[in-house]
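The values are calculated or read from the model by the stated rules, or taken from the named source; none is laboratory data. All figures in this text were calculated on a predicted structure; none of them were measured in a lab. Here Cβ is always computed from backbone atoms with ideal geometry, including for glycine, and neighbour counts include all displayed protein chains. Heads up: the accessible areas ignore ligands, DNA and RNA and are worked out on the full protein's heavy atoms, side chains in. Shrake-Rupley method; radii C 1.70, N 1.55, O 1.52, S 1.80 Å.
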Amino acid sequence: LASADPNLQNQPVRSKDGKLIRKGFIASPGMRLGEGDYKQIEMVVQAHMANCKGLIELFNRGGDPHTETAAKFFGVPLDVAAQEKYRYPTKRGGFGIIYLIGAKGLSDQLSEYLSDLEAEGTPTDIEPWSEQDCQKFIDDYYRLYPEIKDYQLERAAEARRFSRVCDMFGRTRFIPEVSSPIR
């Protein structure tokens, strides 16, 4: 699916401002706007591509990867792990890891989210995570789902070796700059 001018696929939903922005989109007469949720599609695809046994098993039985990962990391029952204070940082981290987020990036994302909530006057029980907390989370995530790290390292090695990557459908993206000495 693709959407442009405006991109209706990536409109904010969590914040008060985001909800106001969404109200600005109005369907033409006789038409309707729909809302959908990809249900963690990036995580499903990553689990499939990496053949990540833990995540595949979790998805096959209909589990929520953010809540279940939070329960394991924080040592709390699933009903407690579903609380925003546990689930949201785990969700941000899980999605961030797919895109190779670092500890500083994850810490910054969480801090920005908390700042937005505070500015709106929205109460939350989420606590900020330091870079060290975030690095521990990333390391623990890779220990829990080691196939994800292996897959990412294999794709990076492929990119460096062949100056290209291929997706699951065989489409190729050439990346000649991967060999540049300038990071």
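Do the conditions hold for residue 101, that is, is it crowded, with 17+ Cβ neighbours inside 10 Å, touching a residue at least 24 places away in the same chain (Cβ under 8 Å), in a loop (DSSP other than H, G, I, E, B) and of a type in the set (Val, Ile, Thr)? Yes; evaluated as a whole, the condition is true for this residue. Given the criteria at pLDDT below 95 and crowded, with 18+ Cβ neighbours inside 10 Å, does residue 109 qualify? Considered against the rule, which asks whether it is at pLDDT below 95 and crowded, with 18+ Cβ neighbours inside 10 Å, residue 109 comes out as yes.
Is there a residue in the stretch 41-52 that is closer than 22 Å to residue 117 by Cβ and free of Cβ contacts under 8 Å to residues at least 60 places away in the same chain?
Restricting attention to the stretch 41-52, the residues satisfying the condition of being closer than 22 Å to residue 117 by Cβ are none.
No, because not a single residue in the stretch 41-52 is closer than 22 Å to residue 117 by Cβ and free of Cβ contacts under 8 Å to residues at least 60 places away in the same chain.
Only one residue in 34, 75 is more than 22 Å from residue 133 (Cβ to Cβ) and not charged (D, E, K, R), so which one is that?
Answer to the selection: 34.
Among the candidates 133, 116, the residue that is under 22 Å from residue 72 (Cα atoms), over 17 Å from the mean Cα position of the chain (by Cα) and assigned to a helix (DSSP H, G or I) is uniquely 133.
Listed here are the residues, each with its yes/no results for (1) in a helix (DSSP H, G or I); (2) closer than 23 Å to residue 11 by Cα.
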| site | (1), (2) |
| --- | --- |
| 48 | yes, no |
| 55 | yes, no |
| 58 | yes, no |
| 63 | no, no |
| 88 | yes, yes |
| 95 | yes, yes |
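When only residues in the stretch 136-153 that are within 16 Å of residue 73 (Cβ to Cβ) and among the hydrophobic types (A, V, I, L, M, F, W, C) count, which is surrounded by the fewest Cβ atoms within 10 Å (Cβ to Cβ)? The residue in question is 144.
Look at residue 138 and say whether it is in contact with a Cys (Cβ under 8 Å, 6 or more places away or on another chain), in contact (Cβ under 8 Å) with a residue 12 or more places away in the chain and in a helix (DSSP H, G or I). Spelling it out, it is not the case that residue 138 is in contact with a Cys (Cβ under 8 Å, 6 or more places away or on another chain), in contact (Cβ under 8 Å) with a residue 12 or more places away in the chain and in a helix (DSSP H, G or I). Just so you know, in the stretch 154-183 the residues that are open to solvent by less than 100 Å² (accessible area, probe 1.4 Å) and assigned to a loop (DSSP other than H, G, I, E, B) include one that is farthest from residue 46 (Cα to Cα), and it is 180. One residue stands out in the stretch 24-71 among those that are of a type in the set (D, E, K, R) and within 22 Å of residue 87 (Cβ to Cβ): the one that is surrounded by the most Cβ atoms within 10 Å (Cβ to Cβ), namely 68.
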